[in-house]
Amino acid sequence: MSRLVYHGHSCFCIENDTYQIIIDPFLSGNPIADVQPSKLQPTHILVTHGHDDHLGDALELSKSNKAVIIAPNELALYCESQGATVHPMHIGGSFKFPFGRVKLTPAWHGSAVIKNGQFIYTGCPCGFIIEFEGKLIYHAGDTGLFGDMKLIGEEKLDYALLPIGDNYVMGPDDAIRAAQMLKAKLTIPMHYNTFPIIEQDPHEFVQKLQKIGGLDGQVMEPGDVLLIK
Ligand code: NI
Ligand code: MN
């Protein structure tokens, strides 16, 4: 049985008894995370961009578990320079991993690692379409609304994980417009309530999603597990 587990902010695990794929593992220093990185044993780590609330514990998790970091080329090469195992990709490209296919989608945002006051630019940010046990899961990464989400929606998504925090990414109203283009069977909000500047009511978002868009949504609390079916 495969599972989708939420760990707060934009961090999710997609897992079964063989694979644990963690996306944007911001756990250390995340006030709402439910788990410490030492409790996880990922086989693959997907990172949407270089900001520290997404790259998070990726380097340490990669080194301690020999887990492959899958990320846009420049970010992947940065991770490799820090001792991680990587598989570089780029926007529009897909690759069939042992657990299923991963495709990188555009995301309108920035991407840099800030280390000792120095900015290391890490290319384009991305989103991911992840195939897992015959289901398609879209993780939008950090992004604003863009019309090409309509094209992503043509892939017949089962799950859409969308940021709603506003300020740095889409707010709830734009996330509803995004969900209407994506038409996933279930939309799950992310990237909210981690910090005061991104405070939102996810339950109100899910209600509006149903009322305005006629779409099913679900709020996951950090630690919640959803059976993927
Ligand atoms: Ni960001
Ligand atoms: Mn972010």
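The values are calculated or read from the model by the stated rules, or taken from the named source; none is laboratory data. What you see is a predicted model; the values in this text were computed from it and never measured. Note: ideal-geometry Cβ built from the backbone for every residue, glycine included; neighbour counts use all protein chains shown. Please note that ligands, DNA and RNA were not included when accessible areas were found on the heavy atoms of the full protein model with its side chains. Shrake-Rupley method; radii C 1.70, N 1.55, O 1.52, S 1.80 Å.
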Subject >> Within the stretch 120-134, tally of residues that are within 16 Å of ligand 2 (Cβ to nearest atom) and of a type in the set (A, V, I, L, M, F, W, C) >> reply: 3
**OP:** Could you run through the stretch 141-173 and say how many residues are under 14 Å from Met190 (Cα atoms) and touching a residue at least 60 places away in the same chain (Cβ under 8 Å)?
**Re:** 6
Subject >> Residue match in the stretch 112-123 (condition: in contact with an Asp or Glu (Cβ under 8 Å, 6 or more places away or on another chain) and of a type in the set (D, E, K, R)) >> reply: no
Original post:
Looking at the stretch 47-105, what helices (runs of 4 or more DSSP H) fall wholly within it and have at least 3 residues that are away from ligand 2 (no atom under 16 Å from the Cβ) and on the phi < 0 side of the Ramachandran plot?
Top reply: 58-65, 73-81
Original post:
Taking Gln200 and the conditions (1) outside any loop (DSSP other than H, G, I, E, B); (2) touching a residue at least 24 places away in the same chain (Cβ under 8 Å); (3) farther than 23 Å from Ser2 by Cβ, which numbered condition does it fall short on, given that it satisfies the others?
Top reply: (1)
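One line per residue, one yes/no per condition, for (1) among the aliphatic types (A, V, I, L, M); (2) within 23 Å of Ala178 (Cβ to Cβ):
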| residue | (1), (2) |
| --- | --- |
| Asp53 | no, yes |
| Asn73 | no, no |
| Val113 | yes, no |
| Lys150 | no, yes |
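Restricting to the stretch 83-118, and then to whatever is charged (D, E, K, R) and surrounded by fewer than 20 Cβ atoms within 10 Å (Cβ to Cβ), can you tell me which residue is modelled with the lowest pLDDT?
The initial filter retains those residues of the stretch 83-118 that are charged (D, E, K, R), namely 96, 101, 103, 115.
Among the residues that remain, those that are also surrounded by fewer than 20 Cβ atoms within 10 Å (Cβ to Cβ) are: 96, 101, 115.
Details: Lys96: 98, Arg101: 98, Lys115: 89.
Going through the qualifying residues, I end up with Lys115.
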Original post:
Quick check: is even one residue across the stretch 128-143 within 16 Å of ligand 1 (Cβ to nearest atom), touching a helix residue (DSSP H, G or I) at 6+ places or on another chain (Cβ under 6 Å), of a type in the set (S, T, N, Q) and more than 17 Å from Ile14 (Cα to Cα)?
Top reply: no
Original post:
Among the listed residues Val219, Val225, which satisfies the condition of being more than 16 Å from ligand 1 (Cβ to nearest atom) and more than 18 Å from Pro25 (Cβ to Cβ)?
Top reply: Val219
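Just give me the residues in the stretch 38-54 being farther than 18 Å from Tyr138 by Cα, buried (at least 21 other Cβ atoms within 10 Å of the Cβ) and not small (Gly, Ala, Ser), in sequence order.
Result: Leu40, Pro42, His51.
Among the residues of the stretch 32-40, are any in a loop (DSSP other than H, G, I, E, B), in contact (Cβ under 8 Å) with a residue 24 or more places away in the chain, of a type in the set (Gly, Ala, Ser) and over 25 Å from Cys124 (Cβ atoms)?
Checking the stretch 32-40: at least one residue is in a loop (DSSP other than H, G, I, E, B), in contact (Cβ under 8 Å) with a residue 24 or more places away in the chain, of a type in the set (Gly, Ala, Ser) and over 25 Å from Cys124 (Cβ atoms).
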**OP:** Sort out which residues of the stretch 146-197 are of a type in the set (A, V, I, L, M, F, W, C), in a loop (DSSP other than H, G, I, E, B) and open to solvent by less than 50 Å² (accessible area, probe 1.4 Å), and write them in order of number.
**Re:** Phe146, Leu157, Ile164, Val169, Met170, Ala184
Original post:
Hey, does the stretch 13-30 have a residue that's outside any strand (DSSP E or B), open to solvent by 20 Å² or more (accessible area, probe 1.4 Å), out of contact with any Asp or Glu (no Cβ under 9 Å at 6 or more places or on another chain) and within 14 Å of ligand 2 (Cβ to nearest atom)?
Top reply: no
Original post:
What are the residues in the stretch 99-115 that are more than 20 Å from Val169 (Cβ to Cβ) and either without any contact (Cβ under 8 Å) to a residue 12 or more places away in the chain or within 16 Å of ligand 1 (Cβ to nearest atom) (or both), if any?
Top reply: Lys115
